[in-house]
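The values are calculated or read from the model by the stated rules, or taken from the named source; none is laboratory data. Computed from a predicted structure; not experimentally measured. With ideal geometry, Cβ positions are generated from the backbone for all residues, glycine too; neighbour counts draw on all protein chains shown. Ligands, DNA and RNA are excluded from the accessible area calculation, which covers all protein heavy atoms including side chains. Shrake-Rupley method; radii C 1.70, N 1.55, O 1.52, S 1.80 Å.
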Amino acid sequence: MTNTASFRAPRGTYDRLPPGSRDWQKVVREAEDLFGRAGYFPVDTPAFEHTEVFERGVGEASEVVGKQMYTFEDRGGRSLTLRPEGTAPVVRAVIEHGLQRGALPVKLAYSGFMFRQERPQKGRFRQFFQLGIEAIGSASALTDAEVIEIGHRFLRDAGVEPRLLVNSIGHSAESCRRGYLRELQGFLTDHSDELATDDRERIGSNPLRTFDSKEAATTSVMADAPVVSDHLCAECRAHFELVQSYLTDLSVDYEIDTRLVRGLDYYTRTAFEWVAGGLGSQNAVGGGGRYDGLSEALGGPSLPGIGFAIGMDRVMEARSGGPDVDQTARVYVVALGDDARREGLMLVTSLRRAGISAAQDLSERGMKGQMKDAVRMGADWAVILGEKEMASKRATLKNLHTQDQESVDFGSIERAVRS
Ligand code: AMP
């Protein structure tokens, strides 16, 4: 870059600007409240981790680790990676601080930016924002149902009409997924010359992922592939049936998608995804699942867990209706002259201290310009401080909906606008 006038945000990133930025903040706050009411405590982990956390926790054969991580060496020669997802860091933090020694499950909620070097397109960024919860230390199907219901509720409250897809991918035993994977590998090997090259190379390392392939050649082969749900052991089958019956009790509508596999290696049993219309090809708004093997993969104790991550960028895109036009200030102080502006500053500040949003003109506009500004901010009230008002120490209070005016002494303005 030679010329500072041409600086732009890096490819795949964005600036979040007004007025939509406020809508975004509101949706995130509502999520945090919802998660909090269900007992999920906020947690923050660093934006970068030792690279091994993701190599072990997500799996080296995964797309994310193999192709998409922002990995760098710091000045001390350590390999660090900007987090591409939130679950492995949260589980790393739980183990590091021994949170599992307290009451189980450990219930945590996070929100923050994630980083993946993907090819940018509509709904796909290199820095994107996820909200997620994790329940760590419970294998109960009740926990699966709780977690799924919370994510579903959040999406519906946010104005998204999601379709919920669920599946079970079993656990890593010969009697369950491992046996199935051998059958799948056999099937893929038989059809290897029909598969796209990238997918052919995955037969040995990560055969499940061929279900996620976007290559037409591969998808047509996969239509006849054996599915994991037909090969579940009795325990995994019973667990999945319980999850479904709890979701039915909670009136959470779901569809079983036997081809739904999660792209990350540590997933076990329940896998789920929410998709929404109007998003084009990137139609997944969130997803999650059980990760009973993750803690051990990160060197911790055996700790079954489940969680989800929802992509805020896609939630905001899929929401019905445009941005809520928010009021910037309930009360607007129209001040004319230096003394009035000084009085206005005190008045605006005392209203704000009392919890009422208030603004005043900061550009020395005339009466007309200030009234226009008040309307632009969606104010309910204008407090007019002109020469006459300053002399009598009584402001003119104008209701901007009815246009009614009354004279109010300075000390009574707060009470008047509350009524
Ligand atoms: P994943 O961890 O890949 O299952 O992602 C969970 C959710 O995060 C997805 O359903 C998307 O809503 C969102 N997401 C994942 N990758 C991106 C991306 N590159 N850009 C925007 N949102 C993303």
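Structure data summary
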{"quantity": "Phi to ³J(HN,Hα) by Karplus 6.51 cos²θ - 1.76 cosθ + 1.60 over the stretch 303-316, Hz, x for Gly, Pro", "calculated": "9, x, x, 8, x, 9, 10, 10, x, 5, 4, 6, 4, 5"}
{"quantity": "Inter-label distance, nm, simple model (7 Å from Cα along the C-beta direction), F41/E296", "calculated": "2.7"}
{"quantity": "Relative contact order of the chain, defined on C-alpha pairs under 8 angstrom at six or more residues apart (%)", "calculated": "15"}
{"quantity": "GNM flexibility winner over the chain from A271, A223, A340 (Cα, springs under 10 Å)", "calculated": "A340"}
{"quantity": "Long-range lysine pairs (8 or more apart or interchain), the chain, Cα under 29 Å", "calculated": "13"}
{"quantity": "Per residue accessible area of the stretch 331-418, 1.4 Å probe, in Å²", "calculated": "57"}
{"quantity": "Value of [θ]222 nm, deg cm²/dmol, for the chain, DSSP H segments ≥ 4, -39500 (n - 2.57) each, nearest 500", "calculated": "-10500 deg cm²/dmol"}
{"quantity": "Given charges at beta-carbon only (K, R positive; D, E negative), |dipole| of the stretch 296-413 in Debye", "calculated": "180"}
{"quantity": "Inter-label distance for S172 and K368, nm, one decimal - labels placed 7 Å from Cα along Cα-to-Cβ", "calculated": "7.4"}
{"quantity": "Exposure ranking of K368, K388 by accessible area [1.4 Å probe, largest first]", "calculated": "K368, K388"}
{"quantity": "Among G277, M312, P301 - extreme Cα towards positive end, dipole of the chain, charges at beta-carbon", "calculated": "M312"}
{"quantity": "Cα centroid separation - the stretch 271-304 against the stretch 374-419, whole Å", "calculated": "54"}
{"quantity": "Where trypsin sites (Lys or Arg not before Pro) fall in DSSP loop in the stretch 167-262, at most 13 other Cβ within 10 Å", "calculated": "K214"}
{"quantity": "Isotropically averaged projected area of the chain, using the convex hull of Cα atoms (one quarter of hull area), nm²", "calculated": "27.6"}
{"quantity": "Unit charges on C-beta of K, R, D, E only; dipole of the chain, Debye", "calculated": "1440"}
{"quantity": "The stretch 331-418 - percent of accessible surface contributed by carbon and sulfur, probe 1.4 Å", "calculated": "50"}
{"quantity": "Dipole of the chain [Lys/Arg +1, Asp/Glu -1 at C-beta], most positive-end residue of L195, G102, G170", "calculated": "G102"}
{"quantity": "Relative contact order of the stretch 331-418, defined on C-alpha pairs under 8 angstrom at six or more residues apart (%)", "calculated": "29"}
{"quantity": "Loop-resident sites, the stretch 6-110, for chymotrypsin sites (Phe, Trp or Tyr not before Pro), counting at most 16 other Cβ within 10 Å (DSSP)", "calculated": "F7, Y14, Y70"}
{"quantity": "Crossing angle, helix 367-376 versus the chain [Cα axis fit, 0-90 degrees, rounded to tens]", "calculated": "20"}
{"quantity": "GNM result for the chain, Cα springs below 10 Å: residue of A173, A284, A379 fluctuating most strongly", "calculated": "A379"}
{"quantity": "For the chain, Cys with no neighbouring Cys Cβ under 4.7 Å", "calculated": "C236"}
{"quantity": "Accessible heavy-atom area order of K107, K26, highest first, probe of 1.4 Å", "calculated": "K26, K107"}
{"quantity": "Candidates per GluC sites (Glu not before Pro) in the stretch 59-89, loop by DSSP, up to 16 other Cβ within 10 Å", "calculated": "E60"}
{"quantity": "Only Lys, Arg (+1) and Asp, Glu (-1) charged, at Cβ; the stretch 235-367 dipole about Cα centre in debye", "calculated": "300"}
{"quantity": "Degrees separating the helix 177-190 axis from the principal Cα axis of the chain, which is the longest one", "calculated": "80"}
{"quantity": "Counted charge near T396, where neighbours are those whose Cβ lies closer than 10 Å (Asp, Glu -1; Lys, Arg +1)", "calculated": "+1"}
